[in-house]
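Here's the structure we're looking at; comments come further down.
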Amino acid sequence: MNKSIIALAIAAALPVAAQADATLSGSVSVAVVAGGATETTSALAIASSEVLANGMTATANMDVLGGTLNNGKASLAGDFGTLTAGGIDDDGAYEAGDVAGRYSATTTGTVQGVHYAGSVADFSVAVQTSAASTQMSATYDLNGLSLGYATNTSGSASVAGASYSFGDLSVTVGKASGDAQAVGSATYALTVDAIALSATASSDSSNSISATYALDGISLVAKAARTAAGVNSNSLTATYTSGDLTLTADDSNTVSAALDLGNADLTVKRETGTTTMTYKVSF
């Protein structure tokens, strides 16, 4: 029998995965600053997703205009968890175990590496490796109680903690590598009609309180905070939304108006004495 016929018969007997769906998206944005200066930025990305014959889902995406060869990632998800290779969060596995919020970094970036996350019943693990570090974390959740631990080989950092929520009150206790001792905190959140209140107090002398009022398209948010180092910060933001128009102002004298035009957005913003108009088209 012809070998090509045999190969065709074998292929026909095997389960076939559904055809992958690919999506091309992007945007072009032009900003005009008062005085005539302009700045144009563009983005172009492609993403694909496919359900395999074994029930797992494979996805891939790439920033075509990213400027580097290492700007995409691919993942495989199933009952075993999710495995991702390519661009990953540089502290993703470490932050997954920080249930008490003791990790001090405020920004994260993207590195090239491999990340795995999976769960069995109430137990979850996350592991990742890259040129920057190797990270591992484990968490356990049961009836409002969360326990977590994470370690990072970069700088031999580690963090451990616990959190528990009941009703409007939640409490946490945790210790990171840089903490002299464990830090506990309590947060109380309450919503009455159109007003939402939240207050947090910690054993390291940091605390914060916020109030939000939202009704008929108007939203007012007031926040006051004090860090463990004794630095105070206060803010007030007002937002009004009517149809496709959103107006925003805050106590730092920043005012903006945004108009949603479907696949296009027009924004006018005045900040630190400079007015900028931006027109962005997405597809």
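Is region 126-135 home to any residue that is within 13 Å of Ala100 (Cβ to Cβ), assigned to a strand (DSSP E or B) and touching a strand residue (DSSP E or B) at 6+ places or on another chain (Cβ under 8 Å)?
Of region 126-135, the ones within 13 Å of Ala100 (Cβ to Cβ) are none.
So far as region 126-135 goes, no, none of its residues is within 13 Å of Ala100 (Cβ to Cβ), assigned to a strand (DSSP E or B) and touching a strand residue (DSSP E or B) at 6+ places or on another chain (Cβ under 8 Å).
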_In region 47-106, residue modelled with the highest pLDDT [restricted to those that are in a loop (DSSP other than H, G, I, E, B) and polar (S, T, N, Q)]_ = Asn54
_If I filter region 140-175 down to residues being over 26 Å from Val127 (Cβ atoms) and of a type in the set (A, V, I, L, M, F, W, C), which single residue comes out as modelled with the lowest pLDDT?_
Phe166
*asked:* Residue under question is Ala160, and the condition is that it be among the hydrophobic types (A, V, I, L, M, F, W, C) and over 17 Å from Ala176 (Cα atoms); does it hold?
replied: no
*Could you list, in sequence order, all residues of region 33-62 that are touching a residue at least 40 places away in the same chain (Cβ under 8 Å) and surrounded by 13 or more Cβ atoms within 10 Å (Cβ to Cβ)?*
Val33
*Restricting attention to region 163-198, which residues are aliphatic (A, V, I, L, M), surrounded by 13 or more Cβ atoms within 10 Å (Cβ to Cβ) and more than 27 Å from Leu220 (Cα to Cα)?*
Val173, Ala176, Ala182, Val183
*asked:* I'd like the residue in region 253-283 that is of a type in the set (Ser, Thr, Tyr) and part of a loop (DSSP other than H, G, I, E, B) and, out of all such residues, is nearest to the chain's Cα centre (by Cα).
replied: Thr254
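The values are calculated or read from the model by the stated rules, or taken from the named source; none is laboratory data. On a predicted model such as this, the values are computed, not experimentally measured, just so you know. Positions of Cβ are backbone-derived with ideal geometry, glycine not excepted, and every protein chain shown enters the neighbour counts.
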